[in-house]
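Read the structure below first, then the notes.
The values are calculated or read from the model by the stated rules, or taken from the named source; none is laboratory data. Predicted model, so just to flag it, every value in this text is computed and none were measured. Positions of Cβ are generated from backbone atoms using ideal geometry, with glycine treated the same way; all protein chains shown enter the neighbour counts. Protein only, heavy atoms only, side chains kept; ligands, DNA and RNA dropped before computing areas. Shrake-Rupley method; radii C 1.70, N 1.55, O 1.52, S 1.80 Å.
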Amino acid sequence: MWSKVADFIAKHSLLSPEGLHLVALSGGADSVALLLVLKQLDYRIEAVHCNFHLRGEESDRDEAFVKTLCQQHNIQLHLIHFDTAEYASVHQVSIEMAARQLRYQYFEQLRQDIGAETICVAHHRDDAVETLLMNLMRGAGIHGLTGIHPKNGAVVRPLLGVSRQDIEAYLRQQDQSYVTDSTNLQPDVLRNKIRLQLLPLFEAISPGSTDNIARTARYLSEAEKVYNAYFRTRGLAPVCEVHEAHGACPLCADAFEILSAPSPLCTLHEHLSPLGFNRDQIEQILACLQGGESGRVFTSPTHVLAIDRQSLVVEPLREPMKPLLIPEPGLYRLDETAKIRVEQVSQETGISRDPQIATLDASKVRFPLTLRTVQEGDRFQPFGMKGQKLVSDFLTDLKQNILEKRRQLVVTDASGTIVWLVGLRIADPFRITDVTTSVLQLNLSFSPRQC
């Protein structure tokens with residue numbers, strides 16, 4: 001047992017000999033074995049136990065056990081109590097998720113407070129097999145079929161190289177007792193069903209199945225390295241571009257680049273699933289790209305995606321802008337990043353060349369003004385043109401994509417007539433002429449929004 005754990009730690013560079021390491025100690029066989037092995041391997045360790053108050057007397061029994069165990073081995077113990085049910089209710093998450101969030105939030109805070117390098121948890125090889133099978137049943141991709149990784153940030157798993165059978169044999173050899181969580185003995189959730197029913201059936205059908213599945217997970221972990229390297233060097237590379245004028249941070253990609261990848265579906269999945277797009281949406285997006293379909297828009301909980309001609313554009317989902325009424329000259333705030341100043345200026349000021357400033361003939365502008373986004377059917381007479389034009393057509397001529405068109409701002413006067421297509425063109429009827437005696441200046445300014 002010592003040799004297996006020591007070799008695994010060295011192979012994956014999990015623990016430094018001189019550092020301080022926290023051990024998550026529940027009192028169960030796995031965490032007790034982890035605590036004792038690391039102590040016997042002469043690592044500097046302290047233990048941490050969470051009482052979630054979910055199993056009545058059992059929870060108190062576990063706490064008493066870990067206190068006694070740490071006293072016997074002269075190991076510093078950090079103890080915390082949680083009202084897990086209340087947390088789950090307030091945050092509207094499951095009890096299991098609540099316990100996980102509380103546990104890891106506390107572990108990380110404690111790690112920082114005491115200057116520990118790592119948080120050691122007691123997942124072992126059989127846990128990794130169970131995770132792989134759970135993800136397989138849920139239709140996971142390659143990342144979900146690699147089981148559990150030895151290291152995730154400050155969280156390390158020194159026991160992944162040993163089985164539950166190894167752990168139990170080690171504890172018997174050490175004559176060391178442990179506590180058992182009765183909820184782990186009930187086949188009521190998927191992981192317990194796999195542990196208590198499916199894996200024993202696999203072993204009965206084909207002895208050594210668990211070892212073979214664990215070996216497959218290791219092979220897939222190596223394949224995942226090649227997979228990740230491909231996307232780092234040749235995959236779709238989203239370009240993050242800050243549009244200060246509209247406060248958007250779009251991700252843009254060329255449809256041909258996606259379709260020419262060895263697996264367009266896989267390429268899209270790697271880049272869109274982290275943004276909240278589900279498998280069905282990603283398959284529909286691919287079908288649109290393959291069919292040359294343009295104009296479709298897809299929305300995830302956090303992002304919006306548009307297929308625009310030969311491009312795929314993604315940007316963060318934002319609340320629709322509410323129209324801003326401007327009853328008279330003054331300074332008005334649109335949101336935390338934008339403000340508009342409306343003022344009458346001297347005729348000698350001249351026409352500004354700044355695209356965010358419009359200079360208009362004040363005598364032709366009737367208050368109140370309204371600053372809003374473009375609406376379907378909007379028309380205006382662009383400066384220098386004799387007739388009116390659909391705003392959407394004007395923006396298309398400028399090669400704006402669908403999402404840019406949605407964000408485009410206009411200023412209208414009291415009659416609803418567009419006086420300014422913000423940042424692009426004033427309306428010709430409101431231009432400065434030789435007979436203009438009073439100039440109205442509109443200045444829309446934005447603070448850069450960070451991606």
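Answer yes or no: is there a residue in region 152-167 that is part of a helix (DSSP H, G or I) and more than 30 Å from ARG111 (Cβ to Cβ).
Checked region 152-167: at least one residue is part of a helix (DSSP H, G or I) and more than 30 Å from ARG111 (Cβ to Cβ).
Among the residues of region 210-266, how many are at pLDDT 80 or above, surrounded by fewer than 17 Cβ atoms within 10 Å (Cβ to Cβ) and touching an Asp or Glu at 6+ places or on another chain (Cβ under 8 Å)?
Final tally of qualifying residues: 2.
Provide a single number: the residues in region 329-341 that are part of a strand (DSSP E or B), hydrophobic (A, V, I, L, M, F, W, C) and surrounded by 14 or more Cβ atoms within 10 Å (Cβ to Cβ).
2
Looking at GLN356 and the list (1) within 30 Å of ASP308 (Cα to Cα); (2) of a type in the set (S, T, N, Q); (3) open to solvent by 50 Å² or more (accessible area, probe 1.4 Å); (4) at pLDDT 90 or above, which single condition is not satisfied?
Against the list (1) within 30 Å of ASP308 (Cα to Cα); (2) of a type in the set (S, T, N, Q); (3) open to solvent by 50 Å² or more (accessible area, probe 1.4 Å); (4) at pLDDT 90 or above, GLN356 comes up short only on (3).
With respect to VAL313, determine if the residue is within 36 Å of the chain's Cα centre (by Cα), over 19 Å from GLY423 (Cα atoms) and open to solvent by less than 30 Å² (accessible area, probe 1.4 Å).
The answer is yes for VAL313.
Consider region 53-80. How many of its residues are touching a Cys at 6+ places or on another chain (Cβ under 8 Å) and either within 19 Å of SER182 (Cβ to Cβ) or open to solvent by 80 Å² or more (accessible area, probe 1.4 Å) (or both)?
Number of matching residues: 1.
Assess whether LYS39 counts as being part of a helix (DSSP H, G or I), out of contact with any His (no Cβ under 7 Å at 6 or more places or on another chain), under 18 Å from TYR170 (Cα atoms) and open to solvent by 50 Å² or more (accessible area, probe 1.4 Å). Before the answer, list the steps.
Values: part of a helix (DSSP H, G or I): yes; out of contact with any His (no Cβ under 7 Å at 6 or more places or on another chain): no; under 18 Å from TYR170 (Cα atoms): yes; open to solvent by 50 Å² or more (accessible area, probe 1.4 Å): yes.
Taking the combined requirement at face value, the residue does not satisfy it.
Among the strands (runs of 3 or more DSSP E) contained in region 342-417, which hold 2 or more residues that are closer than 17 Å to ARG431 by Cα and over 41 Å from the mean Cα position of the chain (by Cα)?
Details: elements: 357-361, 369-373, 409-412.
Those strands (runs of 3 or more DSSP E) span 357-361.
Any residue in region 217-232 that's over 8 Å from THR146 (Cβ atoms): show its pairings with residues that are modelled with pLDDT under 90 at Cβ separation under 6 Å, as long as the two are six or more apart or on different chains.
Filtered contacts from region 217-232: TYR227/ILE142; PHE231/GLU270.
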